[in-house]
1. List every residue pair whose Cβ atoms sit under 7 Å apart, with the two residues 6 or more apart in sequence or on different chains, where the first one lies in segment 1-21 and is modelled with pLDDT under 75 and the second, anywhere, is open to solvent by 100 Å² or more (accessible area, probe 1.4 Å).
2. Condition (residue is modelled with pLDDT of 80 or more, surrounded by 10 or more Cβ atoms within 10 Å (Cβ to Cβ) and aliphatic (A, V, I, L, M)) applied to segment 39-49: is it met by at least one residue?
Amino acid sequence: MIKKKLQETILIILIGIVITQLNVNAVEASSNLVILTNATFKWSDFIWPVAIVGGSIVLTLSYVSWRKYKGNQNQRKNSERQND
């Protein structure tokens, strides 16, 4: 009981730390205060990795599906030959 309560407390603290770190609104760069807003977020920095990972997943799944299809065709041909 105490162990579970301790785990829940640690989890809540860690979630709080992560949320606090994500809500950082200012970055100091060369003694100038730069405020980060949604307008300064560059989608191109986000889209390229998503496109690369997504494309890799799609290509891999397509290749595996094609190999399975060809394997099923070969298996069907072999079973037809054995039945004849």
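1. Hits for this filter: zero, empty list.
2. Yes, segment 39-49 contains a residue that is modelled with pLDDT of 80 or more, surrounded by 10 or more Cβ atoms within 10 Å (Cβ to Cβ) and aliphatic (A, V, I, L, M).
The values are calculated or read from the model by the stated rules, or taken from the named source; none is laboratory data. Treat the numbers as computed from the prediction; the structure is a model and nothing was measured. Note that each Cβ is placed from the backbone with ideal geometry, even for glycine, and that neighbours are counted across all protein chains shown. The protein model used for the area step is the full one, side chains on, heavy atoms only, and it has no ligands, DNA or RNA in it. Shrake-Rupley method; radii C 1.70, N 1.55, O 1.52, S 1.80 Å.
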